[in-house]
1. So which residues in the stretch 3-19 are of a type in the set (G, A, S) and either open to solvent by less than 40 Å² (accessible area, probe 1.4 Å) or at pLDDT below 95 (or both)?
2. Surrounded by 17 or more Cβ atoms within 10 Å (Cβ to Cβ), under 15 Å from A116 (Cα atoms) and in contact (Cβ under 8 Å) with a residue 24 or more places away in the chain: is that true of L94 in this structure?
3. Of everything in the stretch 20-58 that's surrounded by 14 or more Cβ atoms within 10 Å (Cβ to Cβ) and among the hydroxyl-bearing types (S, T, Y), which residue is modelled with the lowest pLDDT?
4. With the condition kept exactly as written, say whether any residue in the stretch 94-110 is modelled with pLDDT of 95 or more and of a type in the set (S, T, Y).
5. Give the stretch 59-83 a look and list any residue that's open to solvent by 10 Å² or more (accessible area, probe 1.4 Å) and in a strand (DSSP E or B), or say none.
6. If I ask for residues that are in a strand (DSSP E or B), touching a Lys or Arg at 6+ places or on another chain (Cβ under 8 Å) and not hydroxyl-bearing (S, T, Y), which ones from the stretch 86-124 would you list?
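The values are calculated or read from the model by the stated rules, or taken from the named source; none is laboratory data. Just so it is clear, the structure is predicted and the values come from calculations on it, not from any experiment. Because the Cβ atoms are built from the backbone with ideal geometry, glycine has one as well, and the counts that use them run over all protein chains shown. Heads up: the accessible areas ignore ligands, DNA and RNA and are worked out on the full protein's heavy atoms, side chains in. Shrake-Rupley method; radii C 1.70, N 1.55, O 1.52, S 1.80 Å.
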Amino acid sequence: MSLATVTVKNHSSHDIYIDGDPDWDGQALLIDGQPLQRGYRLPPDWTAEIGTTWRGPGSERMLGVIFADGPAYGQDGDGFYRLSIGQLPDGGLLDVTDGDGEAKIRYTACPQTEWAMLIDFADN
């Protein structure tokens, strides 16, 4: 079993709300090694690690994560990104493989290895 890990850095002036994508029913998302029960608030200038345990070879869709600029995302309130994270088919590095949305924050994805990456948030 492997651990797919995303280091999330908040360099924005907003809290970032992290949650598992509700369409990924069987996903056990971890925040700093602990199971995520509900949304997690990441204050400015803080860092967290999100991830999931993975059995077998890597895939393009290993994690489904929502990053929002407020707690009322998806309710015609705060902006958010809904991202799929997995291994790229051409190089095998962990990266954002699909996603959409818009928010007051922007992100930069930095693949590092097959099982680790960095997402850095900043103000739009």
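1. If the condition is that a residue be of a type in the set (G, A, S) and either open to solvent by less than 40 Å² (accessible area, probe 1.4 Å) or at pLDDT below 95 (or both), then A4, S12 are the ones that fit.
2. Against the criterion (surrounded by 17 or more Cβ atoms within 10 Å (Cβ to Cβ), under 15 Å from A116 (Cα atoms) and in contact (Cβ under 8 Å) with a residue 24 or more places away in the chain), L94 qualifies.
3. T52
4. Yes, the stretch 94-110 contains a residue that is modelled with pLDDT of 95 or more and of a type in the set (S, T, Y).
5. The answer is F80, Y81, R82.
6. G86, D98, G99, D100, G101, L118, I119, D120, F121, A122, D123
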